[in-house]
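Just below is one structure, and these are the notes that go with it.
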Amino acid sequence: MIRVFVLYPDAPDPDRYEQHVELNRREVPTATIRHGRILGTPQGESDIAHYFEYEFPDRETWKAAQDGLVRAAEDAQGLGVPFRVYFAEIE
């Protein structure tokens, strides 16, 4: 299983973010998508405010979704919030 994590230090505008989520669902239909607000850490406040995740059953499905992921990343740049992307292989 492959997961792609997108972490935002600040919460995006809710209306614009909803448009972004819908674009992701259209552009990356083979992924399970999860997202939400970060509540904090065991120590208190977090330096991350929002979380977005794609889950793919395998590497082949992830690789086949690259064009949609690129379009989604381009749209994410229009949210006006910096973000970091991480890739994880789950055993």
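Read-outs throughout are calculated quantities, based only on the coordinates presented, and are distinct from any laboratory measurement. Not measured: the values here are computed from a predicted model. Cβ sites come from the backbone with ideal geometry, for glycine too, and all protein chains shown count toward neighbours.
So here's what we get for this one:
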item: Debye, to nearest 20: dipole size of the chain, +1 on Lys, Arg Cβ, -1 on Asp, Glu Cβ; result: 80 debye
item: Counted charge near PRO9, where neighbours are those whose Cβ lies closer than 10 Å (Asp, Glu -1; Lys, Arg +1); result: -1
item: Relative frequency of Cα-Cα separations exceeding 16 Å in the chain, percent; result: 53 percent
item: Using alpha-carbon coordinates, inclination of helix 14-27 to the longest axis of the chain, degrees; result: 10 degrees
item: Derived scalar couplings ³J(HN,Hα) [the stretch 75-89; Karplus, 6.51 cos²θ - 1.76 cosθ + 1.60; whole Hz; x for Gly, Pro]; result: 5, 4, 4, x, 6, x, 10, x, 8, 10, 10, 10, 10, 9, 9
item: For the chain, built as a Gaussian network whose Cα springs stay under 10 Å, the top-fluctuating residue of GLU27, GLU55, GLU74; result: GLU74
item: Whole-Å distance, taken between Cα centres, linking the stretch 6-30 and the stretch 33-91; result: 9 Å
